[in-house]
Amino acid sequence: MTNLPNLLTLIRIFLVPLLVAALVQQRFRLHWGNTLLLANDFFAVLVFLAAAATDLLDGYLARRWKQVTTVGTLLDPIADKLLISAALISLVEIRLLPAWLVILIISREFAVSGLRSIAAAEGFTIAAGELGKSKMVFQVVAVTLVMLSIRWPAIRPYALAGMWAVVIFALASAIDYFRKFWRKVDTTVKLRRRHELIMMERQKRRLRKAAKHSVLPSESDSPGSIRGSAPSAR
């Protein structure tokens, strides 16, 4: 049976270059005779929303059909970050977003990914909280509004307000991830290292005790036992 959630994740990855091309190549137009059927801004919005829909759908289907795989677990966050990073960087390229704001959002994504990777290596899973989920929803809405502002500049203030909401939720969710990390992982690592140090110290004591007993003379090697075993002079 085909693993549809993983297929949707791959489709989202393959949509990333198409989204970048649609945003950067602003001369793209699809005509039917003299009628404009599709311009690059609408096409970019459609591609972005389709990719965002696959993000919601693949997770739902994976849980419902019990098709959660290692490949899907690894690819899904990569696909999400590729999509959002590509969209934001392309919007900086066409001068619709300030670069510092995009750097802040992308840096948060990689910082959280690093924390979750460290937690996974220690045997913990840091699940996405409500702040992270809210950030994702605001992110999709805000980026869509920014793309639509290419055609309708009047909505640009609302789009920028949405991006500020994304920044606020991104920072708040990052703090929440750091709190979960320190509470679960850091405390556990400290306790484990303390236990390892105690075990090492006990091992050293046992080795020193064994070495001390090995250098002590045995009863058969004592001077008295040697004299007692000597033959009589007569």
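Things to note:
- When we screen Ala159, Ala170, Ala154, Ala111 for residues that are among the small types (Gly, Ala, Ser), surrounded by fewer than 11 Cβ atoms within 10 Å (Cβ to Cβ) and in a helix (DSSP H, G or I), the only hit is Ala154.
- Restricted to the range 184-203, and to residues there that are under 14 Å from Gly123 (Cα atoms) and without any contact (Cβ under 8 Å) to a residue 60 or more places away in the chain, the residue that is surrounded by the most Cβ atoms within 10 Å (Cβ to Cβ) is Asp186.
- The condition (being more than 27 Å from Ile84 (Cβ to Cβ) and within 26 Å of the chain's Cα centre (by Cα)) is satisfied by just one residue among Arg192, Arg202, Arg208, Arg179: Arg192.
- Residue list for the range 10-35, filter: farther than 20 Å from Val146 by Cβ and modelled with pLDDT of 90 or more: Leu10, Ile11, Ile13, Phe14
- Residue within the range 84-101 that is within 17 Å of Leu8 (Cβ to Cβ), in a helix (DSSP H, G or I) and not assigned by TED's automatic domain parsing to the domain that holds Met163 present: yes
- Lys133 modelled with pLDDT under 90, exposed (fewer than 14 other Cβ atoms within 10 Å of the Cβ), of a type outside the set (Asp, Glu) and closer than 19 Å to Ile84 by Cα: yes
- The range 59-83, residues that are farther than 17 Å from Gln139 by Cβ, assigned to a helix (DSSP H, G or I) and in contact with a helix residue (DSSP H, G or I) (Cβ under 7 Å, 6 or more places away or on another chain): Leu61, Ala62, Val71, Gly72, Leu75
The values are calculated or read from the model by the stated rules, or taken from the named source; none is laboratory data. Note that this is a predicted model, so its numbers are computed, not measured. Every residue, glycine among them, receives a Cβ derived from its backbone with ideal geometry; neighbour counts consider all protein chains shown.
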